[in-house]
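Below: one structure, written as structure tokens.
The values are calculated or read from the model by the stated rules, or taken from the named source; none is laboratory data. This one's a predicted model, so the numbers in the text were calculated from it and none came from an experiment. Because the Cβ atoms are built from the backbone with ideal geometry, glycine has one as well, and the counts that use them run over all protein chains shown. Ligands, DNA and RNA are excluded from the accessible area calculation, which covers all protein heavy atoms including side chains. Shrake-Rupley method; radii C 1.70, N 1.55, O 1.52, S 1.80 Å.
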Amino acid sequence: MYCKATGKPEPLGADSLPANNISWYEAKEFAEWAGCRLPTEAEWEYAARGGNKNKKTLYSGSNYIDEVAWFSENSNSSAHPVGKLKPNVLGIYDMTGNVWEWCFDWLSDYSETSDINPTGRSTGTRKVKRGGSFSETNFESDLRVTYRGSEPADTRLYNLGIRLVKKQ
């Protein structure tokens, strides 16, 4: 619908697969068109950890990666339909593995002060991505809830997609 309405090219992936090959700019534009937004890095991590129901797991929903993530050992080098593995305690699927997810924030060091939902710098050269992907070979570290990645905002990758947050 969005691509037809705006004349934008269709992202890679079938309807049941996570959309990918989308730059941060395209992800932000789509989110706004859909009445949503990209999550801040803090929001993404809070949701991946299970919010206030946090069980302190290594991956989003489990300490056992095979229960919650598509990665190099079990993915056959491709994305999988969303929601086929175990969700985290909040009922959110695929926050570990499958495809990396763009966050709103520019990459910066964590603040020394305690903030609620910090957004980092207002400018930068790289945008944050979280969650890891189906192609991760260093999965025991790269798929942990705490792992941070980044890319230039105009980057499009076969294993990088989006997760939207409803505007309030």
For region 32-57, name all the residues that are hydrophobic (A, V, I, L, M, F, W, C) and modelled with pLDDT under 95.
-> TRP33, ALA34, ALA42
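Of the residues VAL89, VAL68, which is touching a Gly at 6+ places or on another chain (Cβ under 8 Å) and either open to solvent by less than 20 Å² (accessible area, probe 1.4 Å) or under 27 Å from ARG121 (Cα atoms) (or both)? It would help to see each step written out before you state the result.
Numbers: VAL89 fails: either open to solvent by less than 20 Å² (accessible area, probe 1.4 Å) or under 27 Å from ARG121 (Cα atoms) (or both).
Matching residue, one of VAL89, VAL68: VAL68.
For SER77, state whether it is farther than 17 Å from SER150 by Cα, of a type in the set (Ser, Thr, Tyr) and open to solvent by less than 10 Å² (accessible area, probe 1.4 Å). I'd like the intermediate steps shown before the answer.
Numbers: farther than 17 Å from SER150 by Cα: yes; of a type in the set (Ser, Thr, Tyr): yes; open to solvent by less than 10 Å² (accessible area, probe 1.4 Å): no.
No: the conditions fail for SER77.
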Are any residues in region 153-168 in a loop (DSSP other than H, G, I, E, B) and exposed (fewer than 12 other Cβ atoms within 10 Å of the Cβ), and if so, which ones?
-> ASP154, LYS167, GLN168
If we scan region 25-48, do we find a residue that is in contact with a Cys (Cβ under 7 Å, 6 or more places away or on another chain), surrounded by fewer than 19 Cβ atoms within 10 Å (Cβ to Cβ) and not basic (Lys, Arg)?
-> yes
